[in-house]
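Please read the structure below before turning to the comments.
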Amino acid sequence: MSMQNFAPMMFGGLVLIMLIGFPVAFSLSALGLLSGFIAIQMNWFPASFMFNLPLNIFSILSNDLLLAIPFFTLMGAVLEKCGLAEDMLDSMGQLFGPVRGGLGYSVITVGFILGAITGTVAGQVIAMAMISLPVMMRYGYNMRYATGVLAASGTITQLVPPSLVLVVMADQLGRSVGDMYKGAWGPSILQVLIFLLYTFALSRLRPSDLPGLPRDARTLDGWMLWKKCLKGIIPSAFLIFAVLGSMGGLPWMETAIATPTEAGAMGAVGAMFLAAIHGRLSWSLMKDGVTGTMRITAMVVFILIGSRVFSLVFQGVDGALWIEHMLSGLPGGQIGFLIAVNIFVFFLAFFLDFFEIAFIILPMLAPVANKLGIDMIWFGVLLCVNMQTSFMHPPFGFALFYLRGAADSLFKNGSLPAKVLSRDIYLGSIPWVILQLILVVIVIFVPQTVTIFLDKPLVIDINSVRIDVPESDSDEDEQTAQQTTDDLMKSLMKGNQ
């Protein structure tokens, strides 16, 4: 066995332990340590190489950006339970209700708004299903459309800023969180428009599957209805602008006045304020929110440690070179690389969640993308768009599991007239996965969907700059002129970088 063959074997072992289903964080650590022991015995690197492991782990965990994760998680956990989803779905459902497909429009719109303030797929899917699924079934909505739109609208939260996925992406790619948020706005808005367009087309082609609500189902109208809508939208919009604006994550913001950690802390306080407005702020709510935050943060830390153990040994046996040679030689240049990587990530997402892909796979792919000249913000947002589908893949998508659990609970308590079949949930998700993949294709071939809101740097063509230096008989004058020319060219080159 040679070192050239060991890196592919490590990667194959990584895929195998993922398929087994044992917790990835501990599997990665075990695989990395075992591979390191073998590499030392084969004299591929000295035992002292492993002394770098504690320093690597501490350097990763001391990253200030990672402190934003518990704050954003707490913000989402509090908002998930504060009653905001119920109020917004009820008011939006009555606002769009008379229109064919109106309940679908309201679910998509509320999913987008909630995605921008909660960042949690589980809570969003469950909350919207508990409220909207009985209404949709009661008024004759097609079961597969109803389950599909509820699951898909919950996954929007993975892409809409201030998504936790984008924070992790920014950390792994070495880019600012604000720029990552700006890059995500275009695809997230486009995703919502694609969902709305699909609902509109379906309501015209099969109107009986997406009927409007009858008049007796609408209990509010006029100013009272608009008042209830605005009560949910205005505080939510204020929180979004405060959190994203402070980080420079809004399209029209050029500078940041707060770090992601500070913005996350402000968002957590803002979430408590919204919970208080809705009369839901309590010790029980805070206890649940803090407990959930603790679990997610601990999971992230252990995945980080496991991925660091694996990646250190993988690089020690030249695994990074193997990945680079394999991917950089693909036909089609940048486009060929992006297509191959997205197909690879799409299938990995059947078995891994976004944390595992971001911490394990992304560090292998990012150096190759950088050498191919691919913009890292574009690359990160593109993978984020792709990883949305991980929650929708039948039969492993977590959003489908959450929806299955919510539907069973509703049927048991008598809120649903009939049991929701797993077949309907899985078949209903397929059109929405296709719509998400269409967005992946659009982002690959139209990178302006990501870069449109990013700040455009000043570019100066050095070759077009002409500097006329007057002739002089004095050597001192010539030296002074040459020094001035050199200083000017250095300044121009520095501004062009």
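The values are calculated or read from the model by the stated rules, or taken from the named source; none is laboratory data. This structure is a prediction, so every number in the text was calculated from the model and none was measured. Quick reminder, even Gly has a Cβ in these numbers, built from the backbone with ideal geometry, and neighbours come from all protein chains shown.
Worth a mention:
- Residue match in the stretch 8-31 (condition: in a helix (DSSP H, G or I) and under 30 Å from I233 (Cα atoms)): no
- Residues being among the aliphatic types (A, V, I, L, M) and touching a Phe, Trp or Tyr at 6+ places or on another chain (Cβ under 9 Å) - total across the stretch 408-430: 2
- Boolean, Q124 is of a type outside the set (V, I, T), closer than 17 Å to Y402 by Cα, buried (at least 24 other Cβ atoms within 10 Å of the Cβ) and modelled with pLDDT of 75 or more: no
Residues are listed down the side, and each one gets a yes or a no for (1) at pLDDT below 80; (2) not hydrophobic (A, V, I, L, M, F, W, C):
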{"site": "Q172", "(1), (2)": "no, yes"}
{"site": "V192", "(1), (2)": "no, no"}
{"site": "Y198", "(1), (2)": "no, yes"}
{"site": "A201", "(1), (2)": "no, no"}
{"site": "L210", "(1), (2)": "no, no"}
{"site": "K227", "(1), (2)": "yes, yes"}
{"site": "L230", "(1), (2)": "yes, no"}
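- Of the helices (runs of 4 or more DSSP H) lying entirely inside the stretch 47-104, those containing at least 2 residues that are without any contact (Cβ under 8 Å) to a residue 24 or more places away in the chain span 52-61.
- Subset of the stretch 322-357 (residues that are more than 30 Å from T297 (Cβ to Cβ) and of a type in the set (F, W, Y)): W322, F337
- Any hit, the stretch 364-382, residues being of a type in the set (S, T, N, Q), modelled with pLDDT of 80 or more and not assigned by TED's automatic domain parsing to the domain that holds T147: yes
- Selection of the stretch 1-53 for residues being over 29 Å from the mean Cα position of the chain (by Cα) and more than 15 Å from G316 (Cα to Cα) yields only M1.
- Some residue of the stretch 289-306 being at negative phi, charged (D, E, K, R) and either in contact (Cβ under 8 Å) with a residue 12 or more places away in the chain or not assigned by TED's automatic domain parsing to the domain that holds M180 (or both): no
- Conditions (1) at pLDDT 85 or above; (2) buried (at least 20 other Cβ atoms within 10 Å of the Cβ); (3) not charged (D, E, K, R); number of the one not met by S307: (1)
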